[in-house]
Each structure stands twice: as structure tokens, then as C-alpha cells.
1. Considering only the range 225-235, I want to know if a residue exists there that is surrounded by 15 or more Cβ atoms within 10 Å (Cβ to Cβ), under 17 Å from E34 (Cβ atoms) and out of contact with any strand residue (DSSP E or B) (no Cβ under 8 Å at 6 or more places or on another chain).
2. Any idea which residue in the range 318-336 is nearest to the chain's Cα centre (by Cα), counting only those that are in a helix (DSSP H, G or I) and either of a type in the set (S, T, N, Q) or more than 19 Å from E394 (Cβ to Cβ) (or both)?
3. Given the condition at negative phi and assigned to a loop (DSSP other than H, G, I, E, B), answer yes or no: does some residue in the range 134-147 qualify?
4. List the pairs whose first member sits in the range 53-76 and is more than 16 Å from R153 (Cβ to Cβ), whose second member is among the aromatic types (F, W, Y) and modelled with pLDDT under 95, and whose Cβ atoms are under 9 Å apart, counting only residues at least 6 apart or on separate chains?
5. Return the residue satisfying two criteria in turn: it lies in the range 213-224 and is part of a helix (DSSP H, G or I) and touching a residue at least 24 places away in the same chain (Cβ under 8 Å), and of such residues it is surrounded by the most Cβ atoms within 10 Å (Cβ to Cβ).
6. Against the condition over 27 Å from E50 (Cβ atoms) and not in a helix (DSSP H, G or I), how does T79 come out, does it pass?
7. Would you check if there is a residue in the range 241-257 being touching a strand residue (DSSP E or B) at 6+ places or on another chain (Cβ under 9 Å), within 25 Å of T77 (Cβ to Cβ), at pLDDT 95 or above and part of a helix (DSSP H, G or I)?
Amino acid sequence: MDSTGSEGVGGTKDVVKRIFEDAMRSRGIFKNREVLNIDYIPENIPFREEQIKRLAGILSPVVKGVKPSNVFLYGKTGTGKTMVARYVAGVLERTLHDEKTKIAYVNCRQSGTVYRTLFEIGNVMGYSAPFTGISLSELQGRVLQHISSNGYRLTVILDEVDFLVNSPVKRDAGNDMLYQMTRFGSYEGGGSFISIIGISNDLRFKEYLDARVFSGLRDEEIFFPPYSVEELKVILRERVKEAFVEGAVSDEVINYIAARAGGEHGDARRAVDLLRVAGEIAEREGSDAITISHVEEAAASVERDKVKEAISSLPIHEKLVLLSVLSFEQPQNTGYIYLKYTEYCKALGVQPLTQRRISSIISELDVLGLLSAPVVNSGRYGRTKKVSSAVPREEALAHLKEDEAIKYLF
């Protein structure tokens with residue numbers, strides 16, 4: 001048995017070694033993978049000139065040490081909001097060469113909590129806050145005091161800012177943080193200030209804000225429309241020139257990717273992701289060029305990753321609502337789903353939200369693409385939502401099982 005096991009390990013080792021050796025010998029089709037990363041900011045951003053000019057104009061008072069208006073960027077995923085915000089803020093920072101002018105970028109969904117968001121802002125400001133051990137209000141006070149005492153003029157980009165306030169668990173803390181930031185500093189100039197660039201896919205974001213926050217925003221809004229198929233083709237061609245060796249990506253493949261992403265709400269991020277993953281698949285196969293079949297395989301892979309990321313980042317109540325929907329084989333109305341949701345809350349010892357709030361969460365999960373919740377006419381019973389999963393049921397359940405807080409419900 002030992003001999004067989006040794007041969008098995010040796011055989012596996014040889015296979016892995018051959019994979020690495022083949023990769024070393026392969027010419028490869030990539031020239032610069034970095035330009036396909038989600039954080040890459042190109043020097044030229046096509047079809048967003050109007051939004052760039054507007055944002056630059058709104059931020060222009062910063063060059064004179066004056067607090068600008070807050071600004072919120074709206075639009076669906078993959079419409080260039082984050083890229084434009086980071087591009088304009090980066091140009092501002094490089095233009096001023098001023099150690100007192102600071103730019104902080106935080107993805108609120110990835111941070112997960114208001115505490116972590118403040119923690120990351122403090123790090124950019126040079127304040128090393130303890131990761132745990134102090135209250136949220138104390139951390140907030142320390143970060144604001146650090147900014148004030150050092151005379152910093154901060155522009156903070158809060159990506160997916162709605163994540164701070166769209167959950168009852170975080171709403172009070174998120175509103176308080178935004179309230180303190182909007183009241184910090186003067187619009188008259190001469191001192192430290194905080195200006196906010198908020199980014200959201202949710203056009204209803206302000207509905208989650210307290211009246212005191214809403215009244216103090218003094219904000220402007222910039223909308224980012226989806227890209228057309230023709231615009232996506234141009235974007236992809238520019239990335240292909242930088243990312244791949246000549247001849248690795250045909251016009252046919254570019255057109256196919258653009259058509260797929262354009263048909264799904266003009267999402268440039270998805271288009272570039274498809275291009276990157278298709279390239280990786282082609283390279284692993286030792287192919288000299290990307291084919292349509294590589295793109296189709298990439299689409300399936302990207303969709304799986306997208307669903308996993310979306311589910312894993314949901315707050316606990318959203319996960320319980322999703323689980324409630326998945327517990328039914330057929331589409332159900334919100335009443336049955338709410339009953340199942342309250343059962344799960346009782347099992348976990350969690351206080352259930354109101355049925356009205358659960359209806360809103362169902363709508364939010366519909367927007368995310370995790371649920372399908374069309375309103376149907378039930379005759380004399382009126383109109384009602386029929387809710388079902390919009391993603392493969394077993395796949396969604398598998399991702400939910402990974403959550404330590406709810407896995408024993410299965």
C-alpha cells in the first residue's frame with residue numbers, strides 16, 4: 001500500500017510539474033494582464049468625458065483649499081462610476097502635490113461595517129487606529145480629531161455607500177458617520193474639511209438616509225448610463241491592444257463579448273472580466289488565440305463567481321430572506337416567504353424585521369439578480385409578487401451553507 005501511495009503522489013507531482021513546464025515554454029497570449037484588473041485606471045476613459053468634466057468641476061474648489069459640494073455618482077454596475085471617481089481624484093492629488101490634501105478610497109461593501117470603513121479612512125490619514133477594543137463612536141471621534149488637528153482636506157470616495165445604511169443593523173451607525181462627515185469643516189475655506197464622493201448602484205439610496213443627513217448633504221448628482229454594444233466594442237479593443245499579443249483576440253471575439261455584456265445592461269466590467277477569464281482559459285490550453293468557446297466557458301465561470309460574491313456579502317437578514325425563498329420549490333408570494341423567514345429568525349434567536357421591510361429586501365435582491373419578483377395579477381385577490389430564485393438553487397444554497405451563523409439551519 002505504501003508503494004502504491006508513493007507512486008500516486010509521484011504521478012501527481014509529475015503532472016503538476018509538466019503543467020508548470022508547459023507554461024514556461026509557452027509563448028503566452030498576454031502582454032500586460034494588469035490592464036484587465038478591476039482596479040486598473042486607463043489614461044483614456046472613452047464615453048465618460050461629460051461625467052469626468054462635471055466631477056472635476058465640482059471638486060475644483062479643493063485647489064483653493066475650499067470644501068466642495070458632496071457628489072453622488074449613480075448608475076448600474078460596470079458603467080464607469082468607480083473608475084471616473086478614482087481617475088479625477090488621482091489627477092487632483094497629483095496636480096496639487098499638497099501633503100494636506102488627501103484622497104481616501106473605501107469600498108463599503110468590502111469593508112463590511114461602519115467601524116471598518118472608519119478604520120480604513122484613518123489609515124489613509126496616517127492614524128493607526130486599534131482594529132478592536134474601542135467603541136464606534138470613540139473611533140469616529142479620534143479619526144475626525146486627527147483630520148482636524150493636522151489640517152487635512154480630505155476627499156473620501158465611498159464606493160457602494162448604500163451598503164452603510166441599507167440594512168437595519170448598520171443604518172443608525174452609517175447615518176451618524178455620514179452626518180458627522182457632512183458637518184465637518186466649513187465651506188468658507190481656511191481649514192480642514194471632508195468632502196464625499198458617494199458611489200451607488202441604487203437610485204433609491206437617499207431613501208435610507210435620516211432627514212438630518214439628507215438636509216446637510218449639499219450634494220450634486222451625476223448619472224452614468226449603461227454602455228451601448230458599440231461603445232463596449234471600442235472599450236474592449238483598447239484593452240486588447242494593451243493586454244494581449246497581436247492576433248490573440250479577433251474582432252469576432254470582441255463583438256461576441258460586447259454583445260453578451262451589452263445585452264446585460266451595458267456592463268463594461270463584465271465585458272473586461274469575460275475577456276480576461278477567456279484569455280486565461282485559452283492560455284492554459286496552450287491556444288494562440290481566444291475562441292468563442294473560450295468566452296462561453298469564461299461566462300459560466302464569471303457567473304458562478306458573481307453569484308458567490310453577491311451572496312457572501314449579504315447581511316444576515318438578506319441571507320435569511322434568500323434562504324426562505326429557496327426553501328420553496330415553486331414561486332411564492334411575500335406572505336408565505338415572510339412566515340418562513342420568521343421561522344428562521346426564531347431558530348437563530350434573531351429579532352425579525354417587519355413584513356414591509358422584507359418586501360423591500362426582496363426588491364433589493366431582485367435588483368441584485370439573485371431573486372425574480374414580478375408582480376402578477378391574481379384576479380379578485382389583486383396584484384401580488386411571485387418570488388423565486390433567479391440563480392441555480394443548489395448553487396445558491398451551497399454558498400449560504402458557508403455562513404457560520406446560519407449553516408445549521410440546513
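1. Yes: the range 225-235 contains one or more residues that are surrounded by 15 or more Cβ atoms within 10 Å (Cβ to Cβ), under 17 Å from E34 (Cβ atoms) and out of contact with any strand residue (DSSP E or B) (no Cβ under 8 Å at 6 or more places or on another chain).
2. Taking the candidates together, the pick is E318.
3. Scanning the range 134-147 turns up at least one residue that is at negative phi and assigned to a loop (DSSP other than H, G, I, E, B).
4. From the range 53-76, the pairs are F72/F205; Y74/F205.
5. Ranking the candidates gives V213 first.
6. The answer is no for T79.
7. Yes, the range 241-257 contains a residue that is touching a strand residue (DSSP E or B) at 6+ places or on another chain (Cβ under 9 Å), within 25 Å of T77 (Cβ to Cβ), at pLDDT 95 or above and part of a helix (DSSP H, G or I).
Condition check ((1) outside the structural domain of I196 (by TED's automatic domain parsing); (2) modelled with pLDDT under 90) across all residues:
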{"position": "K17", "(1), (2)": "yes, yes"}
{"position": "S26", "(1), (2)": "yes, yes"}
{"position": "P42", "(1), (2)": "yes, no"}
{"position": "P61", "(1), (2)": "no, no"}
{"position": "T79", "(1), (2)": "no, no"}
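The values are calculated or read from the model by the stated rules, or taken from the named source; none is laboratory data. Note that the structure is a prediction, hence the values are computed from the model and not measured. Counting neighbours? That spans all protein chains shown, and the Cβs are built from the backbone with ideal geometry, glycine included.
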